[in-house]
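Colleague: One structure is given below, represented as structure tokens, and several questions about it will come after.
The values are calculated or read from the model by the stated rules, or taken from the named source; none is laboratory data. If you're wondering where the values come from, they're calculated on a predicted model, not measured in any experiment. Here Cβ is always computed from backbone atoms with ideal geometry, including for glycine, and neighbour counts include all displayed protein chains. Side chains are part of the model used for accessible areas, which takes the heavy atoms of the whole protein and leaves out ligands, DNA and RNA. Shrake-Rupley method; radii C 1.70, N 1.55, O 1.52, S 1.80 Å.
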Amino acid sequence: MRELCRTFLHRLAALFRHRHLEDDLDAELRSHIEMAIELNLRRGMSAEDARREALRSFGGVEQTKEIYRDQRGLPMIETALQDLRFGLRMLRRSPGFSILAILCLTLGIGANAAVFSWAEGILFRPYPAVTHQEQLFALTGTARGEPELTSWPDILDLQRSCTLIDSFIVSKIMGTSLSIGDRAEVTTGSIVSANYFDAIGVHPILGRGFEPGEDAGRNAHPVTVISYQLWKGRFKGDPQIIGKSQRLNNVMHTIVGVAPEGFYGTFVGWAMQFWVPASMEENFEAGGYKLEDRGARWIEAYVRLRPGVTLSQAQQEISAVAQRLETDYPATNRGRGIKLWPLWQTPFNNANTLLPTLEIMLAVVAFVLLIACANVGNLLLVRSFARRQEMTVRLAIGAGRGRLLKQLFTEGLILSAFGAAGGLLVAHWCRHALVLLFPARGGVAMHLPGEIDWRVLALSAGVCLIATLTLGLVPAMQTGKIDLAGALKSDSAGVVGGGGRAWVRSGLVVVQVSLSFVLLVGAGLLLQSLQRIRNTSPGFSTRNVLDTAVNLVPAGYDAPRAQSFQDELLQRVKTLPGVESAAFARMTPLSYGSFSSTVIAVDGYQPPPEEQPTVEYNEVGPEYLATMGIPLMSGREFTRADDEKAALVAVVNETMAAKYWRGKNPIGERVQVKSRWMQVVGVAKDSKYQSVREVPKPFFYVPLRQNFSRGAGLFIRTPLSPGTMATALAREVHALDGNLALYEVITLQEQVDRSTSPQQVAVTLVGILGGLALLLAAIGLYGVMSYAVSQSTRELGLRMALGAGASNLLRLVMWRGLALTAGGVVLGATVALGLTRLLGSLLYKVSPRDPLAFGSAFVLMAIAALAACFLPAWRATRTDPARALRE
């Protein structure tokens, strides 16, 4: 009976304690609070302030109740919800800390999600609306191991012979012009095989795709499928558009279909506006009818594998067919193979161009995320010291270490979840930002969207989980060192932060500084590389030469009429004030278009058995070399007399002369091009043709009149601005034909800048993220030094009482901050020496160990460190020694 009474009284007392705060806490907890109140009274506080501060240090009345209830063994779900509520309440109680932490994580996770979305939308799932892209692979020919385009007859042979491939898909980018006022707007389109829309799983929303056989015959099927954007824009969404005609390159094409919204074609970077079958190739491609010419390599193709077929199996079958074609057609296929490429390695579009940049960006954003997590980890570490009384109470009333870890990881999860949500929002805003970094290209619509699908969400969730583990681990490391006496007394450690705890905070700062230093070095290397590229002479003048064009094909000009127009326009242009010379040429150096390429034979040169000499060339008019500023090393350049009636001639470059004539003067020698022998009349200095970064290669020129092109570009040497010349040129063109219009007028320097846009994008992105990393590192350093000063009041006061001046304290704090910075720079320099070699594909004439890049990064890091340390150091000099010693 006595035991029953004792049990009843205990339960009654417990119920009573839950109704009032004083009785809600057990005796041990009350003693802790009483000790805190007594300590606050000794500090000079009033009784009410001492009680309020003691309760606040334990999280307040409600928080203290929750801590007490927390130890009573609630079910797992209830404790998880309680941890979540408690974590949200703690974030709300510290809005400054919460906003800064979430902002850092948002930037870190957002940068990763944005780059993930670009990689997904450009490399791995580059074609919106196309089904089963994992089964699509690019197809190219190869010559001497290098990718090249392939021919239509080769594609037909592959289609007949391969059993493991479901579809061969041709999609060759090309363009036409639409006259608007006194300018011509370029519209991009594709020459495609008849199975194009069915093979990629895209179904027109109006009309149909192409029918079997519409890609055969010479100009036999003038039909077109237009894009949704063109239908809505130019045709105002006409529901009766099917069956109507649209003039494309002066040929009336019947519109048979409208592609669905969101489908931009199968060329990464540019949005296609229309598609025509391969039978219309001659109308859009220079160089005549190519569907029966096995040596004409112009095809950009894809394959779709049958279900269950691997890339290696398909490649093995295609290689066997390529070997047979090499045997059957040695004149055109000797030394050539055929290769399949994953979409992210496609050689003939911007995926291949942007691949090195995106690879670098994936590493860069990982560094930014680490810096952001280290920064938030430091914030949490400092905050954990402020909450050590709370942790002491939890341990004192029976909470296990696992229970504390669970709460801390829950708080880390809340922070990282908010950061992930903000990061995905940032990625959504930035998904179209990449295209803004590329220069405009004469009205051509660029399309480089990010794709936020389940893969990007899964990667972002993984990043969020890693951040949660990191953020929860940092404060959890301190729970094992908590003791009651240390929690209730004032921490008066030195400037360095107090022994064992300081090394964690300092280590995180060193990590931030080192990673920031690596990014700054990378940005410096890329910037120098871009400057070297743009300062490297391309072998022709760039400042005083303008480039434009008048496309005569859409206006219906045949070859004789086009020749007459070019002659008359050239004569008019040369008489304009300020014009020094002018010339036509089919291709512009460093543009996206391809130079003509042909198999050659040289008198006296016997190629090795495995070699089939193939050289690129350009069709140019009289005075082209002089207008472009390409020096003539010997012989002469073309004149008006080198027309279709004259003997065939050519001008070769230095590399071609050295390779095929081996020190002999090639003037007067012969070279065979397309079964026609040409006499070499000149040797021109090497220049850049496709890329500023290319190594010297054989190249030659032929007279434009002997291989005429109606779509030639016009080059003008003049000191006048593009705007001034554009007005004068438009006037002269309209005087000859009011229905014609000019393309944009640009300098060749602008053309060079456009050709280096991938390097510009890499520099811009790495620079932005490097600056962000530097800012985060500076914030982290400032936070550590500020906390160290605030916790060192007693030591600072004692130093001043003993005679230390403000300059001594300033130097003491600054030295500590700069020492951390120096440690980070040393570590960062070591890491950078190993990692910057990965930039090799993006660097041009710059060593990965360039001292200027390392020195510049050091200067920026030192300036940021001085700025971050100065304010805490200045605050240290304002310490009142009397008040510090009294407290």
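Colleague: Considering only Cα-Cα distances, which of the following residue pairs are longer than 20 Å: Lys659/Lys685; Lys172/Lys290; Lys664/Lys697; Lys290/Lys339; Lys688/Lys845; Lys645/Lys674?
Modeller: Where the Cα-Cα span goes over 20 Å, the pairs concerned are Lys290/Lys339.
Colleague: Quick one: if the Förster radius is 56 Å, what FRET efficiency do Phe124 and Arg878 give, using the C-beta to C-beta distance and rounding to 0.05?
Modeller: Between Phe124 and Arg878 the formula returns 0.50.
Colleague: Now for a different question. How big is the Kirkwood radius of the range 645-715, worked out from every pair of different alpha carbons and given in Å to one decimal?
Modeller: 13.3
Colleague: Next up: Over 17 Å, how big is the tail of the calculated P(r) for the range 703-768, in percent of all Cα pairs?
Modeller: Result for the distance tail: 61 percent.
Colleague: Continuing with this model, one more query. Could you list which residues have their amide H under 5 Å from that of Arg247, counting only those 5 or more apart in sequence or on another chain, with H placed in the peptide plane?
Modeller: The answer is His253.
Colleague: Can you tell me which of 812-818, 576-582 comes out highest on packing, and rank the rest after it, using the mean Cβ neighbours within 10 Å?
Modeller: In decreasing order of mean packing, 812-818, 576-582 become 812-818, 576-582.
Colleague: Which residues' amide hydrogens lie under 5 Å from the amide hydrogen of Val649, considering only partners 5 or more residues apart or on another chain, with H built in the peptide plane?
Modeller: Amide H neighbours of Val649, under 5 Å, 5+ apart: Gln679.
Colleague: Per 5 Å bin, what is the whole-percent P(r) computed from every C-alpha pair distance within the range 104-162?
Modeller: P(r) over the range 104-162, rounded to whole percents: 4, 13, 14, 13, 16, 15, 9, 6, 5, 4, 2, 0.
Colleague: Can you give the accessible area per residue of the range 607-651, in Å², using a 1.4 Å probe?
Modeller: 43
Colleague: Further, regarding this structure: Using a 1.4 angstrom probe on heavy atoms only, work out the carbon and sulfur share of the accessible area of the range 588-653 in %.
Modeller: Carbon and sulfur: 55 percent of the exposed surface of the range 588-653.
Colleague: Give the cross-link partners of Lys236 among the lysines, using a straight C-alpha distance below 24 Å as the criterion and excluding same-chain residues fewer than 8 apart.
Modeller: Once the sequence-local lysines are set aside, what remains near Lys236 is Lys244.
Colleague: Mind ordering 630-641, 200-211 by average Cβ neighbours within 10 Å, highest first?
Modeller: Put in order of decreasing packing, that is 200-211, 630-641.
Colleague: What Kirkwood hydrodynamic radius, in Å, does the range 547-664 give when the mean of 1/r is taken over all pairs of distinct Cα atoms and then inverted?
Modeller: Mean inverse Cα-Cα distance, inverted, gives 16.9 Å.
Colleague: Are there any trypsin sites (Lys or Arg not before Pro) in the range 664-723 that are in a DSSP loop and have at most 15 other Cβ atoms within 10 Å? List them by number.
Modeller: Sites meeting the loop and neighbour criteria: Lys664, Lys674, Lys685.
Colleague: Computing the accessible area with a 1.4 Å probe over protein heavy atoms, can you report the carbon and sulfur percentage for the range 314-378?
Modeller: 58
Colleague: I need the phi-derived Karplus couplings for the range 326-336: 6.51 cos²θ - 1.76 cosθ + 1.60, θ = phi - 60°, integer Hz, Gly and Pro marked x.
Modeller: So the J values, rounded to whole Hz, are 5, 6, 6, 10, x, 5, 10, 10, 4, x, 10.
Colleague: Can you work out ³J(HN,Hα) from phi for every residue in the range 129-144, in order, using Karplus 6.51 cos²θ - 1.76 cosθ + 1.60 and θ = phi - 60°, giving whole Hz and x for Gly and Pro?
Modeller: For the range 129-144, the Karplus curve yields 6, 7, 8, 6, 5, 5, 9, 8, 9, 7, 10, 9, x, 9, 9, 6 Hz.
Colleague: Give the peptides 127-134, 295-302 in descending order of average Cβ contacts within 10 Å, highest first.
Modeller: 295-302, 127-134
Colleague: Of the heavy-atom accessible surface of the range 672-744 (probe 1.4 angstrom), what whole percent is carbon and sulfur?
Modeller: In the range 672-744, the share of accessible area belonging to carbon and sulfur is 50 percent.
Colleague: I've got another one for you. Suppose each label sits 7 Å from its Cα in the direction of the beta carbon; what would the Lys664-Phe235 distance come out to in nanometres?
Modeller: 6.0
Colleague: Still on this model: Scan around Leu206 for amide H atoms under 5 Å from its own, H built in the peptide plane at 1.01 Å from N, and keep only partners 5 or more places away or cross-chain.
Modeller: Val258
Colleague: Please compute one quarter of the surface area of the Cα convex hull for the range 245-357 and express it in square nanometres.
Modeller: Computing the convex hull of the Cα atoms and averaging its projections yields 10.2 nm².
Colleague: Let me ask something else. Return the sequence-ordered ³J(HN,Hα) values of the range 408-417 in whole Hz as given by the Karplus equation 6.51 cos²θ - 1.76 cosθ + 1.60 applied to θ = phi - 60°, using x for Gly and Pro.
Modeller: 5, 5, 5, 5, x, 5, 4, 4, 5, 5
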